[in-house]
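The structure under discussion appears below in the form of C-alpha cells.
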Amino acid sequence: MSTQGTEHGNRKDDVRAVIGSAGGRRRRGGGERSMVPPAEFTSYYGRPVLKPSPWQADIPAYLFLGGLAAGSSLLGAGADVTGRQSLKRPARFAAVAAISASFAALVHDLGKPSRFINMLRVAKPTSPMSVGTWILSVYGPLAGLAGAAELVDTVRADRWLPGRLRTPARVLHASGRPAGIGAALVAPAVASYTAVLISDTATPTWHAGHREMPFLFAGSAAAASGGLGMIAASTTDAGPARRLAVGGVLLDLGAEQLMEKSMGLAAEPMHQGKPGLLMRAAKALNVVGGVGAIVGRRSRALSAASGAALVAGSACTRFGIFYAGQESAKDPKYTIVPQRERVDEQGPTRVEGLRTRGTGAGPAADARQRTTSTLSRRGTNSPIT
Amino acid sequence: MSNDLYGPVANVAEQAGWEAPPPRKGFFTDTSICIGCKACEVACKEWNQVPEDGLNWLGSSYDNTGALGASTWRHVAFIEQSKPLPGQEPGFEGAPTGPSATDALNRSVDEAQQGNLAMLGTDSGQVSLGMPATRLPGADSTSRTEFRWLMASDVCKHCTHAACLDVCPTGSLFRTEFGTVVVQEDICNGCGYCVPACPFGVIDRRIEEHGVKNAGIAQKCTLCYDRLQADMTPACAKACPTESIQFGDLDELRDRAQKRVEQLHANGVTNARLYLEDKTDGIGGAGAFFLLLDEPETYGFPPDPVVTTRDLPSMWRRAGLAAAALLAGAVASFLGGRA
C-alpha cells in the first residue's frame, strides 16, 4: 500500500523506535543455515502476530497413529492376498487399534467433545478436517470390519460358538478380505490428508512445508507401519513390511531434505529446542531402523529392534513438526520477516483477474487505477510462494 | 470459477449463496484520529457480554489488553516512537536533540540514586504546585527529541477470503448476508482449526475458567451481527468519540478512505497508507480495513498476509500424489518378494 520511498528507507529507525519491540534481535544459533539473512524486523512489543493452534499432544499423536493405521491396513491387505498369516494378523489388529486411539485423541482434543458429531453435518472440500472426517468415516468401519474378521479367525470362533452365532461369525470372516482391501484403498488418503490438515494454516513452519509435507507424511506412515510389521511378523513373512519400511524411510528423509530447502526461515524452528531434538532423534532413528531393516533381515531380534526404531522415528517426526509449527506461530519473526522481505523485493501481493460487475467511474475506480499504475511501475505484482 | 479461494471477488455474500444481499458492511479504522480512549473495547465487551480477558499490567505503554483473542474482540494498540508527528509543529524548533523522554528519565533516576538530584529538577528548593505552565513544556530543556504516539484499534478483518471460515469443519463459521464472518456458537465443537488458520491471530478458543459462557469454542468479533440485523451501528463504532472507527457500506468506506489518505498526504503526513483495503491483495481485501501511519508490523499486523487456502488446490493435488505413491509402494513391497 505504501508508495512512499521514504518509508522503506526508514526501516532501521523503525526498529529502534518501537519501544519494547523485538526489532534488532539477531538469530540465535547461527552458522548452520546461512541462506537465511539475519532477522532484523519491527514488531509490536515482540508479541506474536499469529495464534498457535490450541491443540495439545493429542494432535501429533493422531498424526502418528493415523499414519500407522493406514500403513498397517496396506500391509494387512497385502499379507492377506499373498497368504502371509503372521503379518496379516498384527497388521489388521494394529490398524484397528491405531485408528480407534486416534479417533479418541481427536475427540479428546475438541473444546466441546460432546459435539464431535457436528463434523458430519457438512462436507467441505475447503476444510481438510472435514475431508479427513469423511475419509475416516469410510476407512474406520472398513478397518474395524477387517479387524473383527481377524479376531474371529484368531479365536477360532467358528469352532466353539453356539450354532446360532456361527453364521454371523462366518459372514464376518468372509467379509475380512473385501473390507481389508477396501480399507487399504482408502488408507493412503488417511496417511496423506493430515499433511494438508496442518499445512492449510497460517502457521509459518506448517504452511511453508506444504509442497513436501504429504510425501514426508506418506513416507513416515510407511516407515512406522513397516516397522510394526517387522516387530510382529516372522522373518519369512516380514519381507514386504521391511521393503515398505525402507522405502518409507527413503521417502521420509528425501522429502524432509527438500522441504527444509524450500522453507527458508520457517525451517529454523525445526532445528531449535524441543522440536529440534525430536527432529534429530527422528532422523537418527530412521537411519538406524532403515539400515537395521536391511542388515538384520535374517535376525528376528534385529528386525524387531529396527522396527521399534522406525515406529519411534515416525512418532518423533510428527511431534517434531507439530511443535516446530507451534513455536513458529509464537515468534513474530517467522511471520513478519518473510512477508517484509517479499514486500521490499516485489511490492505487496496483488492478484490479477479482478472480476467486478458494473464497476462505474468514481473515486474507487480511480484509486484502483492508481494502484495498478504504481504496481506496473514496480514491474511486479505477482505473489511469490 | 469466480476466485473462490483467492483473488478479488465482486460480491462475497452472493458468492456464499445469499440472494440479493444488502451491501457489504465493514469498518474503516482511521488510526490517525484515534485518541486511545478504549471506548471501543468497553462498548464491545458491554454489548456482546464478552468475559473478562485478564487484568494485567503489560508494560506496553497504555496497552494492557495485549492482543485480540477469544474474549478480546477490540484491542487498542499504543506505540511510542522517537519520530516527528507529521504535519504538526511540535514546538521544539531549535531545541537540542537528545535521547527520548524514557531514556532521559531512566538516566535521571539512575543519577538520582547516586545522590545527584539535578537532573530530576527536584533540588532547586522550589516546590512545584502543579500550576499550568506559561511556556511550552520542555521549551527550556536541554535534551529533547521528537516524539509521536500511534494508537490503533484492532478488530477482526472479516476477510473476503476468510481462512477461518474455509477450514471450519462444522460450518459453524459462516458468511452473513452483510459479507461478514460469524461463529455460530451452538454449532462450533471447538476443534480449534480456525485458530492457526487466521493470518492475523484474531480468532481463538475460549478457555474454561470461572464458568464463562461458550468455553471451549471459537470466538471473535461478529461485527455486531445482531445490531446489523436491526439496522444499527456496531457498538464499537457507535462508541468511538472521534469517528476513528467508521462503519458503513464497504464501497463507500473505501472511497472515503482514499480521500482521507489524499488529504493527509496533502497535509504532509506522507507515511499515511491504507492497509487491507485493496480487493486484489492476498486476502481479497478485508471487510475491516485501516489507515496506518507506519508499516503494518509496527502495529502488530502482518505486512503482507496471504490466505493459506490459496495453496489448497495444490496441496490436495500433492496429497493425492503422495497417496498414490504410498499405494504403489505398498504394492511393490509385496511384488518385490515374489520376483
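In the set A:Ser102, A:Ser72, which member is more than 9 Å from chain B (Cβ to nearest Cβ), surrounded by 19 or more Cβ atoms within 10 Å (Cβ to Cβ) and in contact with a Gly (Cβ under 7 Å, 6 or more places away or on another chain)?
Among A:Ser102, A:Ser72, only A:Ser102 is more than 9 Å from chain B (Cβ to nearest Cβ), surrounded by 19 or more Cβ atoms within 10 Å (Cβ to Cβ) and in contact with a Gly (Cβ under 7 Å, 6 or more places away or on another chain).
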Legend entry - Extreme residue, farthest from the other protein chains (Cβ to nearest Cβ), among residues of segment A:245-302 that are free of Cβ contacts under 8 Å to residues at least 60 places away in the same chain and β-branched (Val, Ile, Thr): A:Val288
Legend entry - Condition broken by B:Pro8, with the remaining ones in (1) touching a residue at least 12 places away in the same chain (Cβ under 8 Å); (2) more than 9 Å from chain A (Cβ to nearest Cβ); (3) assigned to a loop (DSSP other than H, G, I, E, B) satisfied: (2)
Inset, instruction - Name the strands (runs of 3 or more DSSP E) wholly inside segment B:243-339 in which the number of residues that are within 8 Å of chain A (Cβ to nearest Cβ) and of a type in the set (Ser, Thr, Tyr) is 1 or more. - result: B:273-275
Inset, instruction - Please enumerate the residues belonging to segment B:140-187 that are basic (Lys, Arg) and at pLDDT 95 or above. - result: B:Lys157, B:Arg175
Inset, instruction - Considering each residue of segment A:143-168, count those that are in contact with a helix residue (DSSP H, G or I) (Cβ under 7 Å, 6 or more places away or on another chain), of a type in the set (A, V, I, L, M, F, W, C) and modelled with pLDDT of 90 or more, and give that number. - result: 6
Inset, instruction - Please state which of the following conditions A:Ala77 fails to meet, knowing it meets all the rest: (1) within 12 Å of chain B (Cβ to nearest Cβ); (2) more than 23 Å from A:Ala282 (Cβ to Cβ); (3) out of contact with any Gly (no Cβ under 8 Å at 6 or more places or on another chain). - result: (3)
Inset, instruction - Only residues that are surrounded by fewer than 24 Cβ atoms within 10 Å (Cβ to Cβ), under 17 Å from A:Gln56 (Cβ atoms) and among the aliphatic types (A, V, I, L, M): list them for segment A:296-343, please. - result: A:Ala315
Legend entry - Failed criterion for B:Pro169 (all others in (1) in contact with a Ser or Thr (Cβ under 9 Å, 6 or more places away or on another chain); (2) within 20 Å of A:Pro128 (Cα to Cα); (3) surrounded by fewer than 24 Cβ atoms within 10 Å (Cβ to Cβ) hold): (3)
Inset, instruction - Check A:Arg378 against each of (1) within 12 Å of chain B (Cβ to nearest Cβ); (2) modelled with pLDDT under 95 and name the one condition it does not meet. - result: (1)
Inset, instruction - Select from segment A:108-127 the residues that are facing another protein chain (nearest Cβ under 7 Å) and more than 20 Å from B:Ala16 (Cβ to Cβ) and list them in ascending order. - result: A:Leu110, A:Gly111, A:Lys112, A:Arg115, A:Phe116, A:Met119
Legend entry - Exclusive hit being surrounded by fewer than 24 Cβ atoms within 10 Å (Cβ to Cβ) and under 21 Å from B:Ala13 (Cα atoms), set B:Arg310, B:Arg273: B:Arg310
Legend entry - Unique residue being in a helix (DSSP H, G or I) and either of a type in the set (Val, Ile, Thr) or touching a Leu at 6+ places or on another chain (Cβ under 9 Å) (or both) when the list is A:Ala148, A:Ala104: A:Ala148
Legend entry - Selected residue (criterion: farthest from B:Gly171 (Cα to Cα)) from residues of segment A:108-125 that are out of contact with any Gly (no Cβ under 7 Å at 6 or more places or on another chain) and surrounded by fewer than 17 Cβ atoms within 10 Å (Cβ to Cβ): A:His108
Inset, instruction - Could you pull out the residue among B:Glu177, B:Glu209 that is more than 26 Å from B:Lys279 (Cα to Cα), assigned by TED's automatic domain parsing to the domain that holds B:Pro51 and either not polar (S, T, N, Q) or not in a loop (DSSP other than H, G, I, E, B) (or both)? - result: B:Glu209
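Answer with yes or no whether B:Asn56 is more than 26 Å from B:Thr242 (Cα to Cα) and assigned by TED's automatic domain parsing to the domain that holds B:Ser153.
Yes: the conditions hold for B:Asn56.
Condition check ((1) touching a helix residue (DSSP H, G or I) at 6+ places or on another chain (Cβ under 9 Å); (2) assigned to a helix (DSSP H, G or I); (3) without any contact (Cβ under 8 Å) to a residue 12 or more places away in the chain) across all residues:
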site: A:Gln56; (1), (2), (3): yes, no, no
site: A:Leu65; (1), (2), (3): yes, yes, no
site: A:Ala69; (1), (2), (3): yes, yes, no
site: A:Leu110; (1), (2), (3): yes, no, yes
site: A:Lys124; (1), (2), (3): yes, no, yes
site: A:Gly132; (1), (2), (3): yes, yes, no
Inset, instruction - Kindly check whether there is at least one residue in segment B:23-40 that is assigned by TED's automatic domain parsing to the domain that holds B:Leu165, in contact with a strand residue (DSSP E or B) (Cβ under 6 Å, 6 or more places away or on another chain) and aliphatic (A, V, I, L, M). - result: no
Legend entry - Residue, farthest from the chain's Cα centre (by Cα), within segment A:209-243, restricted to residues that are in a helix (DSSP H, G or I), more than 10 Å from chain B (Cβ to nearest Cβ) and of a type in the set (Gly, Ala, Ser): A:Ala232
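Every residue, every condition in (1) in the same structural domain as B:Glu297 (by TED's automatic domain parsing); (2) modelled with pLDDT under 65, yes or no:
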| residue | (1), (2) |
| --- | --- |
| B:Glu46 | yes, no |
| B:Pro51 | yes, no |
| B:Ser60 | yes, no |
| B:Arg74 | yes, no |
| B:Ala95 | no, yes |
| B:Ala101 | no, yes |
| B:Asn106 | no, no |
| B:Thr122 | no, yes |
| B:Leu136 | no, yes |
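The values are calculated or read from the model by the stated rules, or taken from the named source; none is laboratory data. Predicted, not measured: the structure shown is a model, and the values here were computed from it. Don't worry about glycine lacking a Cβ; one is built from the backbone with ideal geometry, like all the others, and counts go over all protein chains shown.
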